[in-house]
1. Please determine whether any residue of the stretch 215-238 is among the hydroxyl-bearing types (Ser, Thr, Tyr) and open to solvent by less than 70 Å² (accessible area, probe 1.4 Å).
2. With the requirement that a residue be farther than 28 Å from Asn264 by Cβ, at pLDDT below 95 and in a loop (DSSP other than H, G, I, E, B), what does the stretch 168-219 give you?
3. Can you tell me which of (1) on the phi > 0 side of the Ramachandran plot; (2) surrounded by 20 or more Cβ atoms within 10 Å (Cβ to Cβ) is the one Glu269 doesn't meet?
4. Restricting the search to the stretch 64-121, which residues are farther than 29 Å from Gly280 by Cβ, in contact with a Phe, Trp or Tyr (Cβ under 9 Å, 6 or more places away or on another chain) and open to solvent by 30 Å² or more (accessible area, probe 1.4 Å)?
5. Ala140 fails exactly one of the following numbered conditions: (1) farther than 16 Å from Tyr237 by Cβ; (2) open to solvent by less than 10 Å² (accessible area, probe 1.4 Å); (3) in a loop (DSSP other than H, G, I, E, B). What is the number of that condition?
6. State yes or no: is Leu283 open to solvent by 10 Å² or more (accessible area, probe 1.4 Å) and not in a loop (DSSP other than H, G, I, E, B)?
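The values are calculated or read from the model by the stated rules, or taken from the named source; none is laboratory data. Bear in mind the structure is a predicted one, so any value in this text is a computation, not a measurement. Note that we place each Cβ from the backbone using ideal geometry, even for glycine, and neighbour counts take in every protein chain shown. Only protein heavy atoms, including side chains, enter the accessible area calculation; ligands, DNA and RNA are left aside. Shrake-Rupley method; radii C 1.70, N 1.55, O 1.52, S 1.80 Å.
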Amino acid sequence: MTQPAPAAEAATRKSTPADGGSPWRTAVARADVRTLSLLGVLAALIVIGGITQPDSFLDSDNVQLILTQASVIGVVTVGMTFVIISGGIDLSVGAIVALASVWATTVATQEYGFAGILFTAVIVGMGCGLVNGLLIAYGAIVPFIATLAMLAAGRGLALQITDGKTQMVTVDGVLKLGERDSYILGIPPLVLVFAAVTVAGWLILNRTTFGRRSVAVGGNAEAARLAGIDVRRQRLYLYLLSGLCCGIAAFLLIILSGSGQNTNGNLYELDAIAAVIIGGTLLSGGRGTITGSVLGVLIFTTIQNIFALNNLETATQQIAKGAIIVAAVLVQRRSATTT
């Protein structure tokens with residue numbers, strides 16, 4: 001009788017719950033604990049903000065500001081979550097946002113109106129993601145190197161397009177989305193888009209074959225290949241998805257700022273990776289949640305808002321952010337060694 005290959009047998013064991021489904025129950029329990037912990041941190045920050053700045057922090061305008069600022073980087077973080085879950089990394093997201101935003105706000109593009117700006121931002125983002133995916137999946141280039149090259153190229157091309165100047169948006173349909181009159185039940189359109197992307201990302205990750213394959217590739221790429229998954233094609237799709245999220249984020253940033261600049265998206269890669277790590281996604285891949293990543297975005301955005309309201313320097317914010325990232329990685333390593 002033919003025995004299954006060890007890797008294939010391991011893949012089968014990973015995909016089939018043992019002991020009546022206890023591994024799945026354990027994983028769900030861990031996810032619930034992480035989510036509750038993140039909610040607790042966010043609640044603590046809200047209390048701190050309310051105590052230090054009682055008149056301004058809990059004001060409805062400030063709450064809308066926090067959610068609006070979280071929306072742009074939040075959309076990028078959803079795409080980054082998929083990439084990191086699969087065992088990859090994308091250092092080019094900020095540069096892609098910048099390139100998409102300046103390409104979509106050129107005079108030639110704005111002649112096509114609202115649809116032209118949206119289409120260009122999304123296509124440029126997906127095009128950059130496609131290049132990343134091809135280099136990594138079929139060119140066998142390490143994700144760190146491939147996306148670092150895209151970061152440099154994207155920033156350079158954005159600078160060349162703008163010549164270092166700000167490109168103002170003149171399309172009324174785009175500008176009106178950033179005005180208070182366009183709010184729906186008091187909610188800015190950018191926040192609604194962020195919510196829609198979050199829900200779509202959660203459904204894709206948790207309720208589709210694509211999501212399960214992404215987790216499998218991050219957990220053990222060789223076992224995933226032996227189980228019949230086209231690992232290279234899956235990685236290509238994941239970077240394409242990340243590029244799509246960057247394109248959407250670029251359009252949101254255009255609405256928010258009313259312009260396109262080559263400096264847009266500065267350090268977005270750091271913010272997105274930090275939010276994903278804080279949310280509990282393993283840097284080595286194979287585990288992560290969209291919910292955790294979104295809570296990570298809200299935590300960082302709230303911290304930045306509290307610091308700004310208390311007139312703390314940007315340098316202090318960056319130091320605090322770095323400390324939080326290190327603490328989150330240490331917690332991940334500790335939890336990994338105890339399981």
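1. So in the stretch 215-238, the residues among the hydroxyl-bearing types (Ser, Thr, Tyr) come out as 237.
Remaining after also requiring open to solvent by less than 70 Å² (accessible area, probe 1.4 Å): none.
No, the conditions are met nowhere in the stretch 215-238.
2. Scanning the stretch 168-219 gives a single hit, Leu185.
3. Looking at each condition in turn, Glu269 falls short on (1).
4. Tyr112, Leu118, Phe119
5. With (1) farther than 16 Å from Tyr237 by Cβ; (2) open to solvent by less than 10 Å² (accessible area, probe 1.4 Å); (3) in a loop (DSSP other than H, G, I, E, B) applied to Ala140, the lone miss is (2).
6. On the way: open to solvent by 10 Å² or more (accessible area, probe 1.4 Å): yes; not in a loop (DSSP other than H, G, I, E, B): no.
Considered against the rule, which asks whether it is open to solvent by 10 Å² or more (accessible area, probe 1.4 Å) and not in a loop (DSSP other than H, G, I, E, B), Leu283 comes out as no.
Every residue, every condition in (1) within 21 Å of the chain's Cα centre (by Cα); (2) at pLDDT 95 or above; (3) part of a helix (DSSP H, G or I); (4) more than 28 Å from Arg225 (Cα to Cα), yes or no:
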position	(1), (2), (3), (4)
Met126	yes, yes, yes, no
Gly133	yes, yes, yes, no
Leu148	yes, yes, yes, no
Ala153	yes, yes, yes, yes
Leu157	no, yes, yes, yes
Gln160	no, yes, yes, yes
Gly164	no, no, no, yes
